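Asks: What follows is a single structure, and I will ask about it in a moment.
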Amino acid sequence: MTRLSFTLVLGAVVSLSLPAVTQAQSASAFLDQGIRAYSVREYDGGAWLLRRALSVEGAGALNTNDAARGTLYLMAIEVARNQRDSALAAARRLVVLDPRMRPDDQSFSPQVIAVYQEARRSTPSVTIRAPGDTEIKPGSGVFVVRLGSTTAPEVTAVVTGADGRVVRNLYSGTIRDSVDVRWNGLDASGNTPPAGRYSIVVTPAAKDRRGAWTLRLPLEIARPSVDTTPLPPAPPDSLFRPERGDYKSAWQALIPGVVAAGAIIVVPNLVAQGEQASNARLIVGGTVALAGVAAFFSHHPGQRIPANEQYNHTLRETWKRNVAETSRRNADRLRGATLVIRPGAPSLTTTDTP
Amino acid sequence: MNRALALALFAAATLPGAASAQHWNLGVFGAPQIVHSHIDGSSSRLTGTVFGGEGTLVGERFSVRLWYAQGNVAEKSDSGLDKRLVVEGEALVGLRATQWLTLWVGPTARAYTLGETSQRWLLWTGRASARGTLLPDRMQTYVELWGALSGSVGDPSAKAGGRGADAGLELRLSSQTPLWGRLGYRIESSHADALRETVESITVTVIYGFPQ
């Protein structure tokens, strides 16, 4: 690696360590440095820089024009490095990215133009163009991509998940010149898919025998967080009242009353033997015994307690109402939530792609 | 003296526990009293009423209880000769053995004037008091039994003994108030040589705060 190439790569590596906020600038900077490296014939460093620029995804990624420009120069660098397969792959990618962008004979060698022409001949002329980051309301909003072709192929377009599973069929038919494919942000069941990586995949219909190819537009789907209210917990058992009086509690109330009454009546004879205790104690003892009996019956042993049944019923119904109300509000909020769709750079694979 | 010192030390040790009190209560009471007094074979029956106050500091394990009463008792066929001014008091420290059982120890004193002379009973007592709930936070009963560990009466003092009991019902006056009412029956019998006194009381108490 020459000194200049080393300097270019070193500068790029340093820029890698910068905060993510500068990622968009970094992708553009890599692109500029890569093109500059091509112009001074520092092909190895230039290839590295351009690949780095094209690999940036998400918000910091190059726009379609810059991505096409970067791919064009990458193709030229690979031709200069005698990496024909890589050059052809870059040329095919360029055809998909922007069919209007092509190497001009003023700036590029005849070999570069020849590779590009070969790629154009062998690449299905199907393109996909997506808007920038789009925020839609699932169900009512739409995300539109434009499929273009000059050969009127029969195609199907679907949205797939990261695992390749089809999330939603979007289009099935012929592309005459161009067709807008719309996705309302819902899956086949009418639900909003979870955030993650998806793709719009365009493939030729089975009856199209002009060769197998797959055009893929990566999508990153984000769902801005929605504040939902946690469902109220079920009332704890401690809040419920017994619906039937139990004997255990009743006896537990009666026994202290009877014991205390007995003590009041009996103990004076033990404490003051031979003394004639007054009958006043019988009044107190009797009162305590009556209190114990009253406490016993206040527990309604073995009987239904309608007031408690009603109280518990109201408690349960109130909780159920609160759960239903909270669920309804949460569902409303989730329905109103938006979906952010960030398309990436499209790619094309064919049966003869290296 | 040694006993007093030991009690003072015990009280000092328990007070920090009581200081971190879970709760306390104060009460005032009136108590009709019947005194059966037997001196050298002669008996007399005196009646009257005492009034007083009490307070309890209840800690996690230990409690402190003070009780004081004062009043007059007299013979029914009162000739004016046997009318007594009565003063009673207790100072107890307690150990909460279980949720419902507390063990107490401390002095209880009863003194009365009889004409120009006075008589004083001082008993060191050990007590056990139990409580049972009839309706949670509304109504409960209690029973307390005690016996004298040692005691003295008169001047010059003679050795004395005794035992007693207290039991009754405590009722919260309303669910919105911290006031409780207590109806209790209290009996104590003290004796020394040819002297024996039995005191019966029905106490009606109003208490501020949750009774222990």
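Please treat every number below as a calculation from the coordinates, not as lab data. Because the structure is predicted, anything quoted here is derived from the model rather than measured. Neighbour counts run over all protein chains shown; Cβ positions are idealised from the backbone, glycine included.
Asks: For A:ILE341, A:ILE35, what ranking results if the residue with the fewest other Cβ atoms within 10 Å of its Cβ goes first?
Replies: Taking fewest neighbouring Cβ atoms as first place, the list is A:ILE35, A:ILE341.
Asks: Picking from A:TRP319, A:TRP213, A:TRP48, which is most flexible by a Gaussian network model of chain A using Cα springs under 10 Å?
Replies: For chain A, modelled as a Gaussian network with Cα springs under 10 Å, the answer is A:TRP319.
Asks: Which whole number gives the average, over all residues in A:276-282, of C-beta atoms from other chains lying within 10 Å of the residue C-beta?
Replies: Averaged over the peptide's residues, the number is 5.
Asks: Ranked highest first by the average count of other Cβ atoms within 10 Å around their residues, in what order do B:167-174, B:118-125, A:320-327 fall?
Replies: The most tightly packed comes first, giving B:167-174, B:118-125, A:320-327.
Asks: Here's another thing I want to ask about it. How big is the charge dipole of segment A:237-335 about its Cα centre, in debye rounded to the nearest 20, if each Lys and Arg gets +1 on its Cβ and each Asp and Glu gets -1 on its Cβ?
Replies: Roughly 680 debye, rounded to the nearest 20.
Asks: Still on this structure, I have one more. Mind putting a number on the dipole of chain B about its Cα centre? Charges go on the C-beta only, +1 for Lys and Arg and -1 for Asp and Glu, and I need it in Debye to the nearest 20.
Replies: Roughly 460 debye for chain B.
Asks: Let me ask something else. Compute the helix-to-body angle for B:2-19: its Cα long axis versus the longest principal axis of chain B, expressed 0 to 90° and rounded to tens.
Replies: 30 degrees
Asks: Of the options A:ALA307, A:VAL201, A:ALA280, report the single residue whose Cα projects farthest towards the positive end of the charge dipole of the protein assembly as shown (beta-carbon charges: Lys, Arg +1; Asp, Glu -1).
Replies: A:VAL201
Asks: Give the average, rounded to an integer, of partner chain Cβ atoms located within 10 angstrom of each Cβ in B:197-210.
Replies: What the average comes to for B:197-210 is 2.
Asks: If you place +1 on the Cβ of every Lys and Arg and -1 on the Cβ of every Asp and Glu, how big does the dipole about the Cα centre of the protein assembly as shown come out, in debye to the nearest 20?
Replies: Its charge dipole is roughly 2140 debye.
Asks: Pick out which of B:LEU46, B:LEU145, B:LEU135 has the largest mean-square fluctuation in a Gaussian network model of chain B, springs linking Cα atoms closer than 10 Å.
Replies: In this elastic network of chain B, the residue with the biggest mean-square fluctuation among B:LEU46, B:LEU145, B:LEU135 is B:LEU135.
Asks: Now a separate question. Once phi is turned into ³J(HN,Hα) by the Karplus curve 6.51 cos²θ - 1.76 cosθ + 1.60 with θ = phi - 60°, what whole-Hz value does each residue of segment A:172-188 show in order, with x for glycine and proline?
Replies: Running phi through 6.51 cos²θ - 1.76 cosθ + 1.60 with θ = phi - 60° gives 8, x, 9, 9, 9, 6, 7, 8, 8, 9, 10, 10, 8, x, 10, 8, 4 Hz.
Asks: Something else about it: So what is the 222 nm mean residue ellipticity for chain A from helices alone, if each DSSP H run of at least 4 adds -39500 (n - 2.57) and you divide by all residues, rounding to the nearest 500 deg cm²/dmol?
Replies: Result for chain A: -15500 deg cm²/dmol, rounded to the nearest 500.
Asks: What is the average number of partner chain Cβ atoms found within 10 Å of a Cβ in A:124-136?
Replies: Average per residue, whole number: 0.
Asks: Order of A:PHE108, A:PHE240, A:PHE30, B:PHE210 from fewest to most other C-beta atoms within 10 Å?
Replies: The most exposed by this proxy come first: A:PHE240, B:PHE210, A:PHE108, A:PHE30.
Asks: Something else about it: In sequence order, what are the phi-derived ³J(HN,Hα) couplings for segment A:149-165 according to the Karplus relation 6.51 cos²θ - 1.76 cosθ + 1.60 with θ = phi - 60°, rounded to whole Hz, with x for glycine and proline?
Replies: So the J values, rounded to whole Hz, are 7, 9, 10, 6, x, 7, 9, 10, 10, 9, 9, 10, x, 4, 8, x, 5.
Asks: I want the local charge near A:ARG321. Using Cβ-Cβ distances under 14 Å, sum +1 for each Lys or Arg and -1 for each Asp or Glu among the other residues.
Replies: Summing Lys and Arg as +1 and Asp and Glu as -1 gives +2.
Asks: Using the Karplus curve 6.51 cos²θ - 1.76 cosθ + 1.60 with θ = phi - 60°, what ³J(HN,Hα) values do you get for each residue of segment A:226-242, in whole Hz, with x for Gly and Pro?
Replies: 10, 6, 10, 8, x, 5, x, x, 4, x, x, 4, 5, 7, 7, 9, x
Asks: Of A:LEU217, A:LEU315, A:LEU49, which has the largest mean-square fluctuation in a 10 Å C-alpha GNM of chain A?
Replies: A:LEU315
Asks: To test your reading of the geometry: what angle, between 0 and 90 degrees and rounded to tens, separates the Cα axis of helix A:110-122 from the longest principal axis of chain A?
Replies: Once rounded, one gets 60 degrees.
Asks: Order these by the 10 Å Cβ neighbour count, fewest first: A:ASP246, A:ASP44.
Replies: Least to most surrounded, the residues fall as A:ASP246, A:ASP44.
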